[in-house]
Amino acid sequence: MKICACVAEYNPFHLGHLKHIDHIKNELGAESLIVVMSGNYTQRGEPAVLNKFVRAKHAVLSGADVVIELPTVFATANAEIFATGAVKLISDLRSASGLCFGVESGKKEDYISLATAMTNESKEFKKELKTQLDSGISLAKAKFNAVKVVYGDIYDENLINSPNNILGLEYTKGLIKANSNIQIYPMLREGDHNDKRLKKGVTSATSIRNFLVQNKIRKVKSNLPKFVYKDLKVPPVAFEQMILSSVITTPASEMQEILDCTEGLENRIKALIKDNLSLDGLVQKVSTKRYTETRIRRILISTLLGIKAKFVKECLESPLYAKVLAVSETGKALIPTIAKNSAIPLLIRKSDEVELKKTAKRCFDMDVTANDLYNLATKDKQNEHQTLFI
């Protein structure tokens, strides 16, 4: 294929990510790679260990040609919105013919089959889904159980039992709903996405971050490309007080407007913060089997950033933009073609932002604010309006 796309966080970029890019370029035969990458905040509801421009640089040095930021409203959301937002951006660029993502298990046909069933939301399916959700299980599990009840026990349950499989399923659903011609290419990952044990060679980003937090940076040297290791530093800690302050000062009536802050969760958070003045302590106290720690962290980071559920929905339904973070020499030559094909404006220099109107302007302003807060916490001085040419 000529152009392939992938979605990533690179938090931080490691040898497993390098294998993914090599697979796209060498096994799939893509001439160019567009990466849609989360900015300064991640889907776990945490600030990234390195700012988005440094991580975009690492992607380009590893073989990516164009790195585009996934808007903050999507990057900090649940799997469905994260994936739908990424697919929306890739589809609106109208340049990629394939989307490659890492999974723990499953083949292309498995994802298409289950995603097709899940997007066919009949009245019977919706009724059964409500029944499943009322039992207190996760949304992914509830949807899978509803599919089994309505369409039969013919689908692979492993597709909803790990974070990357769930994302792969959501990417596929997003493409089906968009009636897209983009083909999916699942790639089997090595190891467990959440494994905190540091392994030789390819290891999880979780295990690497675990050592960074402990200021044991040298321990992960062999797990990273040299240029990534050179840029590593202890993750920012100032965010803890910033997040806790925003929770204290934000009224419960406003917090309930945050995505996934439902069923009175705002009251539980406001009550428990009085006796839990550490971020980890608060998250642990608020979380339950139904409300995971990751969900709580997303609610808290969205409170800091002011991301409301109504606005997220508005962004999903509106034309936005493609903020280019970094490009390679190949990518530089590719940009005019992408810009010509794209249904949304490419933001490369500050003057490009004059094209943004209404929802797109508000969405980008939120990215700018998010970047300013990241700079405040980390003492970085990253200019939101720049694009790196590597």
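The table for this structure:
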quantity: Whole-Å distance, taken between Cα centres, linking the stretch 28-52 and the stretch 327-362; calculated: 18 Å
quantity: Among 18, 277, 232: highest mean-square fluctuation, GNM of the chain, C-alpha pairs under 10 Å; calculated: 277
quantity: Ranked by how many other beta carbons lie within 10 Å on average, peptides 281-288, 22-29 from highest; calculated: 281-288, 22-29
quantity: Axial C-alpha extent at least 20 Å, average Kyte-Doolittle at least 1.0 - helices from the chain (DSSP); calculated: 79-93
quantity: Shape category assigned to the stretch 1-63 from the gyration tensor of Cα positions, a/c cut at 1.5; calculated: prolate
quantity: Above-threshold pairs, the threshold being 30 Å between Cα atoms, out of 143/358; 107/141; 285/358; 127/274; 219/289; 173/340; calculated: 143/358; 285/358; 127/274; 219/289
quantity: Peptides 33-43, 326-336 ordered by average Cβ neighbours within 10 Å, highest first; calculated: 33-43, 326-336
quantity: Globularity ratio of the chain, using Cα Rg and 2.2 N^0.38 Å; calculated: 0.95
quantity: Mean separation of Cα contacts under 8 Å, 6 or more apart, over the residue count of the stretch 317-390: relative contact order %; calculated: 47 percent
quantity: Computed label-point distance, nm, for sites residue 337 and residue 256 using a 7 Å Cα→Cβ extension; calculated: 5.3 nm
quantity: Extension gain from residue 138 to residue 386, taking 0.36 nm per residue of separation minus the Cα-Cα distance; calculated: 85.3 nm
quantity: Distribution of pairwise C-alpha distances over the stretch 32-187, 10 Å bins, in %; calculated: 11, 36, 35, 14, 4
quantity: Reachable lysines from residue 381, criterion Cα separation under 22 angstrom, eight or more residues apart if same chain; calculated: 52, 57, 230, 233, 323, 350
quantity: Estimated FRET transfer efficiency when R0 is 30 angstrom, pair residue 231-residue 190 (beta carbons, to 0.05); calculated: 0.80
quantity: Computed label-point distance, nm, for sites residue 287 and residue 248 using a 7 Å Cα→Cβ extension; calculated: 2.3 nm
quantity: Segment residue 272-residue 200, length gained on full extension (0.36 nm per residue, minus Cα span); calculated: 21.9 nm
quantity: Computed over the chain: relative contact order in percent, which uses C-alpha pairs under 8 Å that are six or more apart; calculated: 22 percent
quantity: Whole-angstrom gap from the stretch 207-224 to the stretch 236-272, using each part's C-alpha centre; calculated: 30 Å
quantity: Cut-off 12 Å between beta-carbons: net charge of the residues surrounding residue 280, Lys and Arg +1, Asp and Glu -1; calculated: -1
quantity: R0 of 25 Å, Cβ-Cβ distance residue 158-residue 116: FRET efficiency to nearest 0.05; calculated: 0.90
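A short reminder: the numbers here are calculations on the coordinates, not readings from a lab. This one's a predicted model, so the numbers in the text were calculated from it and none came from an experiment. All Cβ positions, glycine included, derive from the backbone under ideal geometry; neighbour counts span all protein chains shown.
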